[in-house]
1. Under the condition of being open to solvent by less than 40 Å² (accessible area, probe 1.4 Å) and assigned to a loop (DSSP other than H, G, I, E, B), which residue from region 212-229 is farthest from the ligand (Cβ to nearest atom)?
2. Of ALA392, ALA344, which residue is in contact (Cβ under 8 Å) with a residue 12 or more places away in the chain and assigned by TED's automatic domain parsing to the domain that holds LEU47?
3. Just give me the residues in region 368-393 being among the charged types (D, E, K, R), more than 18 Å from the chain's Cα centre (by Cα) and closer than 16 Å to SER24 by Cβ, in sequence order.
4. Tell me, please, whether a residue that is away from the ligand (no atom under 16 Å from the Cβ) and among the aliphatic types (A, V, I, L, M) can be found in region 255-272.
5. Cβ contacts < 7 Å: first residue within 19 Å of LEU67 (Cβ to Cβ) and without any contact (Cβ under 8 Å) to a residue 60 or more places away in the chain, restricted to region 264-284; second residue part of a helix (DSSP H, G or I) and within 16 Å of the ligand (Cβ to nearest atom), any location; separation 6+ or different chain. Result?
6. Give GLY52, GLY45 a once-over and let me know the one that is closer than 22 Å to LEU258 by Cβ and touching a helix residue (DSSP H, G or I) at 6+ places or on another chain (Cβ under 9 Å).
7. Starting from residues that are in a loop (DSSP other than H, G, I, E, B) and touching a strand residue (DSSP E or B) at 6+ places or on another chain (Cβ under 7 Å), keep the ones in region 230-254 and report whichever is nearest to the ligand (Cβ to nearest atom).
8. Here are some conditions: (1) touching a strand residue (DSSP E or B) at 6+ places or on another chain (Cβ under 7 Å); (2) within 29 Å of GLY295 (Cα to Cα). ASP18 meets all but one. Which one does it not meet?
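The values are calculated or read from the model by the stated rules, or taken from the named source; none is laboratory data. Keep in mind it's a predicted model, so treat the numbers as computed, not measured. Cβ atoms come from the backbone with ideal geometry, glycine included; neighbour counts cover every protein chain shown. Remember, those area values only see protein heavy atoms, side chains included, never the ligands or the DNA or RNA. Shrake-Rupley method; radii C 1.70, N 1.55, O 1.52, S 1.80 Å.
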Amino acid sequence: MAEFILARENGRRIPREDRIFGISNRAKTAIAEKGRGKVINGTIGALLDDDGKLVVLKSVDDVFRQLKPNDYAEYAPIGGIVPFREAVQKAAFGAHVPDGYTQAVATPGGTGSLRNVISNYSEPGDAVLTTDWHWAPYGTIAGEIGRKIAVFEMFTEDGKFNSAALQAKCSELLASQNSLVIILNTPAHNPTGYSLTEEDWDEVIWILKGEAACGKAIALLVDAAYIDFAGDEEKYRRFMPKLAQLPENVISIVAYSLSKTYTLYGARCGAMICVAKTLEIADEFKRVCEYSSRGSWSNTARIAQVILSRIYGDPQLLKIVDEERKVYRDMLNARGRAFSEAAAECGLKIVPYDAGFFVSVPCDDPDAVSKKLEEQDIFLVPLAKGIRVSVASIPENACRKLPPMIKAAME
Ligand code: PLP
């Protein structure tokens, strides 16, 4: 027991070790001792090839290597360099630009966007609403700035998006708060791989229009971190124009990330892009978000902003990048299909899956199941309601092999 505890927890519960990194470290130790072929490490949230190496898009790396010192050494303006602010809107919306007032502010990854939305569109003590299956750092980010996470059940009994639960929870929270931030991670949601369908989106818009009638402020954050690994880029952006149907007191903010799409995880770049009904609300968004950036990380690293600007400044290069990504996306989604097919064959129930880096398996005692699997050198992440499998980090044959083994461990 330490004699002094100097750090203040301030209402947060700070664990001694990040859970996912802990399991991941045990997996790495097992690989070092027994060899890669003997271990399945399905914990990593980055796309790895079949040999376990990080996928880095060569076309993006080529742009990186052509940069001059001024491209990365100089500070970027707080909200991002002008060509980036334009390019990132094209990257996020594609051909489906919503008919509203848009503004982009550069952030360190999608994480920075989450932080700035929560700090500016909720009040201290508020609950921020998201799905029961969600990326755990939402809670960490909210807790850091004195907010908490509330959840609604993401799926109905028959595996559909549970819009009724969303509506009930929105009403409940708006009855006691002046404002509400809602986070929807789609498409290719982490940890389930679910993508809201166009019908799901119609319901979400209808619900938010109804909830907005109370006159309070609502911010809908669309966490699109995996959008370019879901499938056809244009098809998965068709929902975007629907955001423009929301009334004046609902702002939509797309959290766009370069981490996965451009394999620039470590360059820490993304953007928060608003869709607002009026110019005043879009200008307010820019002003408050830039202010928050100044007071947290200041400006965002320039390097990835320049890379994205170069890619969007050259249509031929953009085509090459998109084509290269597609090869890896096809590899990833073949893994996901292999896992779902093998699960169906052995009767293992999985959470509704569409695409992306992760598949989840619901179970009663995730910690016990993951411990049992670790004994067989299978490393997966236990969540509150099940086990998360990163199909992004294991080869297709492992994806086929896993479902019966998970089923056996559950039994
Ligand atoms: N949202 C989700 C659901 C994620 O899984 C991640 C990264 O793993 C992010 C956002 C943000 O990532 P980054 O800050 O690297 O863009």
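1. That would be ALA224.
2. The match here is ALA392.
3. LYS371, GLU374, ASP377
4. no
5. ALA267/LEU258; ALA267/ILE303; ALA267/ALA304
6. Being closer than 22 Å to LEU258 by Cβ and touching a helix residue (DSSP H, G or I) at 6+ places or on another chain (Cβ under 9 Å) holds for just one of GLY52, GLY45, which is GLY45.
7. LEU246
8. (1) is the only condition that ASP18 fails.
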